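The values are calculated or read from the model by the stated rules, or taken from the named source; none is laboratory data. Keep in mind that this is a model prediction, so the values were computed, not measured. Here the Cβ positions follow ideal geometry from the backbone for every residue, glycine too, while neighbour counts run over all protein chains shown.
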Amino acid sequence: MANEEHKHLASFLKDVHLSLRKSSAEVGVEKAWHNHCSNKEVLNTYAQYMEKLATTHWERNSSDEQSLASSRISWAADFAYEYFINKSFMKHREKEIDIGNKINIKVNNTNELYSSPITLLDVGSCYNPFRIYDFLDVLVIDLCPANDFVFECDFLHVPIESDTILINNKVKQLKENFYNVVTFCFLLEYIPSSELRVNACERAYKLLKDGGLLLISTPDSKHVGANSKLMKCWRYTLSIMGFSRIKYEKLKHMHCMAFRKCLNKEVAVRWATLHKEMYMDYCIHIPQDYSTNNGCTIATSIEVDVDDFRELPFDILS
Ligand SMILES: C[S@@+](CC[C@H](N)C(=O)[O-])C[C@H]1O[C@@H](n2cnc3c(N)ncnc32)[C@H](O)[C@@H]1O
């Protein structure tokens, strides 16, 4: 069972997410976000609590291969290693070229050349859990860094231009078409609306090199089918952006996904066109959006299983 400290940390973090969603429903998402980012006391407490929860309470369970502490980070690092260092990207490239030939579009692979180290942008990093991996050259950003490894940056608003600008531990600008990998580990549940989540993914697309990876983990303790329509909708939306989902895994407590930035966006768009179903829209909803007690319920044709997302990621381990 979770001990008292674990529960205390967890409930603070959940309350921050909930109050951000509530105030977005009341005053609009942009204003709510702005107010939230000005509240340095809450952001600082969140950062300290999140780091403690992950490094103390979740790490205790790290001998369990399903543990959140190790698995969300090691899943992403292992996948990036297999893809770039062991060159599994080549089979995805071949597949894209094949599809391109079939539908008469040109797939140009000249930009898809990798050399070590692999550049990774960890968005919403909090405390830089990727620092242990030597094959990665990591830039870690967060609204409110928990330690000095992490640069302060609001990913939803930072300009994306031709160069990176870092001043005094803050990111003023990020470089487009530069990263091999962008990671969103338990990030999207923090962001209070579908529009902002879509915006985050579109930004990742701009930052990635052709053939680069957007790696997303999102908590869910339910069985694989419980929220499968929601996950398919994410896939649809990211395909319209130009991403092809090349790996999906439901672990005990989370979904882990790898999206590849296609060499030609039309290859991904074609997948979306062929697989669109009635319930799919260009959006990234999470089950909390459908909850009746956060003041922002939305009408939907998708059945979702809200309970465990409300519990996660903080209460599930003991
Ligand atoms: C649930 S924590 C996850 C932390 C870490 N990725 C992990 O897996 O342990 C979500 C983090 O995302 C950060 N975050 C949320 N929105 C952000 C934004 N727009 N820009 C940068 N960081 C953001 C929060 O400050 C918080 O530290």
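Details
- The set of residues in the stretch 26-50 that are surrounded by 16 or more Cβ atoms within 10 Å (Cβ to Cβ) and hydrophobic (A, V, I, L, M, F, W, C) comprises 29, 32, 33, 42, 43, 47, 50.
- Selection count where residues are closer than 16 Å to residue 209 by Cα, among the aliphatic types (A, V, I, L, M) and free of Cβ contacts under 8 Å to residues at least 40 places away in the same chain, scope the stretch 261-286: 1
- Residues (near the ligand (Cβ under 9 Å from one of its atoms) and among the small types (Gly, Ala, Ser)) located in the stretch 115-136: 124, 125
- Subset of the stretch 184-239 [in a loop (DSSP other than H, G, I, E, B) and under 13 Å from the mean Cα position of the chain (by Cα)]: 186, 187, 188, 189, 190, 191
- Residue that is nearest to residue 136 (Cα to Cα), among those in the stretch 82-99 that are in contact with a helix residue (DSSP H, G or I) (Cβ under 6 Å, 6 or more places away or on another chain) and crowded, with 17+ Cβ neighbours inside 10 Å: 83
- Criterion (assigned to a strand (DSSP E or B) and closer than 30 Å to residue 288 by Cα) met by exactly one of 122, 154, 137: 122
- When the helices (runs of 4 or more DSSP H) confined to the stretch 1-111 are screened for residues that are within 16 Å of the ligand (Cβ to nearest atom) and at pLDDT 90 or above, those reaching at least 1 such residues are found at 4-27, 29-38, 40-52, 68-80.
- Residue, nearest to the ligand (Cβ to nearest atom), within the stretch 137-193, restricted to residues that are of a type in the set (Ser, Thr, Tyr) and over 15 Å from residue 124 (Cα atoms): 193
- Residues in the stretch 99-150 that are of a type outside the set (Ser, Thr, Tyr), out of contact with any Pro (no Cβ under 9 Å at 6 or more places or on another chain) and farther than 30 Å from residue 33 by Cα: 17 in all.
- Looking across the stretch 245-274, the residues that are touching a helix residue (DSSP H, G or I) at 6+ places or on another chain (Cβ under 7 Å) and assigned to a strand (DSSP E or B) come down to 245, 246, 247, 251, 254, 255, 256, 258, 259, 260, 261.
- Each residue in the stretch 24-50 was checked for being polar (S, T, N, Q) and in contact (Cβ under 8 Å) with a residue 60 or more places away in the chain, and 3 pass.
- The stretch 121-169 - residue that is crowded, with 21+ Cβ neighbours inside 10 Å and of a type in the set (Asp, Glu) and, of those, nearest to residue 44 (Cα to Cα): 142
- Residue 223 falls short of the stated requirement of being within 9 Å of the ligand (Cβ to nearest atom) and surrounded by fewer than 18 Cβ atoms within 10 Å (Cβ to Cβ).
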